[in-house]
Each structure stands twice: as C-alpha cells, then as structure tokens.
Amino acid sequence: MAPSSFSIPQPCAQPWAAMSPTAAGRFCATCATEVVDFTILSEAEILAFLARQGGRPLCANTYATPVAAPPVVGWRRWALAGLALLGWQSATSCATQPPQQPPTTAAAPMPATAEQQQSMVIRGVVLDGKNGPGVAGAFVFINDTQYGATTDENGRFELVLARSWEPVRAGALTLRVQGSPFVFKTQEVPVKLPTANAPVELVVRLESVEGRGKIMGKIRQPEPPVAPPKG
C-alpha cells in the first residue's frame, strides 16, 4: 500500500482530551465513533491496520506536521507524504484565506494633509514560543479585515499602511496572528500607532495548542486500480 493511499479531507475539531479512552484510541460521543490513535503506531502497524479495515469507514488521530516528533522517524516522513493535501490550514473543512495587501493610499478621494498622505510601517517577527525559531507562512491580519501579510521563511513580516486609511487614523489597531491551527493558538496583538514616522517593531511569540502537530478526522482511501483488459 502506497504512503499516499489515504487522506483526511475534513479535519475534525472535537477535543481529543474530552473523548473516552478505548483499546485502539478514544471514543467520540459526538460522532458515536471510535477514533484510532495512529500516533502510537509505526508505519507498518498503520498499513496493516488499514489493510484489515478493507475500505470500511475509519476515523484516526495522526500527525499532520513534522513539528511534533512521532515515535518512529520513518513514520513522520511517510505521514507528511500521505497528508500533504489535507488542507490543514483550518480546524474545519474551510481553509483560512491568505491576507490581502493593505491599502497604502487613501481608499476614497478626500482632502488630505501632508501627514495623512504619508505611509507608516509595522514590521516584526513571529516566533515559535519564547526561544523557538521564526514561524514561516503565518498569517498576520489587521483587525477583523482580510488585509495583512504572510511571514517569510524566517518568520518576518512588514506592513506598509497609508496614514489616511481608517484603521490607521483611529490611532490603534489589533494584529491577528495565525499559524497552523494544529500547532499554534491564534494570538491578538494590540498595536498603538505613533504619530512620528518611525516604524513599529514587534516580536510575536505564538503558544502551542494541546496535542500540537496532530490532525484527526475520517480517513478516505481511494479505490485501487484494476488490471486493464487483455483482449
């Protein structure tokens, strides 16, 4: 059986800790279904378990990212290949859309002073905990809008904002920082905007979620190919 022979297209957001323990994992009262714990099994054990299922419906708790190290290193590499198309960016089946570039000029034609025509800069770095590395690919949203930025490979981001833009004119805003929901808690960072032209420098340290790096949901196994006709 190939490593990519299963996926979890709709990750489940039910808390693992709230489920009742069973021999193979835990029982989800919401779905009235046993959730098999793949995080304690080796690659060979998982393949054997899936083979015994014979294509029957199955819910599992497994690793979604390389952040949380499983018992077998080979299984981590295999799991990443098998779960590469999960859409893990959301705890539900709907993935969070990336931030849009915020406006750097006034959105509406209105008289503006020289100061209002200027732009201001908010830049910073998003870190994995207190002493961890930068978090690449984290979304940084402005207030409740879809405007913001995405962190680079070092966890850094920069926002260039028009002073005439309404959220900036208010003198303060909130940055909503989101990493993978299977790894990090969403964090809101209040930012007081200076009247001077000096950029705002931020350091955001994301906290880990319970059961970091795991994903849970109903496994989908594709139908295997059949031999082509010989005649």
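How many of the residues in segment 127-149 are closer than 21 Å to VAL200 by Cβ, in contact with a Leu (Cβ under 9 Å, 6 or more places away or on another chain), assigned to a loop (DSSP other than H, G, I, E, B) and open to solvent by 30 Å² or more (accessible area, probe 1.4 Å)? The qualifying residues number 1.
The number of residues in segment 201-216 that are part of a strand (DSSP E or B) and either open to solvent by 20 Å² or more (accessible area, probe 1.4 Å) or closer than 30 Å to ALA60 by Cα (or both) comes to 9.
In segment 10-33, the residues that are in contact (Cβ under 8 Å) with a residue 12 or more places away in the chain form Cβ pairs under 7 Å with partners that are assigned to a helix (DSSP H, G or I), at six or more places apart or across chains, as follows: ARG26/TRP16.
Sub-6 Å Cβ pairs linking a first residue in segment 177-192 that is under 16 Å from GLN146 (Cα atoms) to a second residue that is of a type in the set (D, E, K, R) and not in a loop (DSSP other than H, G, I, E, B), at least 6 apart or interchain, are GLU188/ARG176, ordered by first then second residue.
Within segment 150-159, does at least one residue satisfy the condition of being of a type outside the set (Lys, Arg) and more than 19 Å from the chain's Cα centre (by Cα)?
Scanning segment 150-159 turns up at least one residue that is of a type outside the set (Lys, Arg) and more than 19 Å from the chain's Cα centre (by Cα).
Residues in segment 23-59 that are under 18 Å from PRO11 (Cβ atoms) and among the small types (Gly, Ala, Ser): GLY25 alone. Listed by first and then second residue, the pairs with beta-carbon distance under 7 Å, at least 6 apart or on different chains, first residue in segment 146-173 and touching a residue at least 12 places away in the same chain (Cβ under 8 Å) and within 15 Å of LEU193 (Cβ to Cβ), second open to solvent by 80 Å² or more (accessible area, probe 1.4 Å) and aliphatic (A, V, I, L, M), are TRP165/ALA107. Can you find even one residue in segment 178-190 that is in contact with a strand residue (DSSP E or B) (Cβ under 6 Å, 6 or more places away or on another chain), surrounded by 20 or more Cβ atoms within 10 Å (Cβ to Cβ), of a type outside the set (Gly, Ala, Ser) and closer than 18 Å to GLN100 by Cα? Yes: one or more hits. In segment 105-133, the residues that are more than 30 Å from LYS185 (Cα to Cα) reach residues that are surrounded by 10 or more Cβ atoms within 10 Å (Cβ to Cβ) and at pLDDT 90 or above with C-beta atoms within less than 6 angstrom, at least six apart or across chains, in these pairs: SER119/VAL160. How many of the residues making up segment 10-33 are open to solvent by 70 Å² or more (accessible area, probe 1.4 Å) and part of a strand (DSSP E or B)? Qualifying residue count, segment 10-33: 2. Quick check on segment 150-170: of everything there that is assigned to a loop (DSSP other than H, G, I, E, B) and modelled with pLDDT under 90, which residue is most open to solvent (accessible area, probe 1.4 Å)? Filtering segment 150-170 for residues that are assigned to a loop (DSSP other than H, G, I, E, B) and modelled with pLDDT under 90, the one most open to solvent (accessible area, probe 1.4 Å) comes out as ALA170. Looking across segment 34-73, the residues that are charged (D, E, K, R) and either modelled with pLDDT of 90 or more or surrounded by fewer than 16 Cβ atoms within 10 Å (Cβ to Cβ) (or both) come down to GLU34, ASP37, GLU45, ARG52, ARG56.
The values are calculated or read from the model by the stated rules, or taken from the named source; none is laboratory data. Computed from a predicted model, the values in this text were never measured in an experiment. Here Cβ is always computed from backbone atoms with ideal geometry, including for glycine, and neighbour counts include all displayed protein chains. Accessible surface areas use protein heavy atoms only, side chains included; no ligands, DNA or RNA. Shrake-Rupley method; radii C 1.70, N 1.55, O 1.52, S 1.80 Å.
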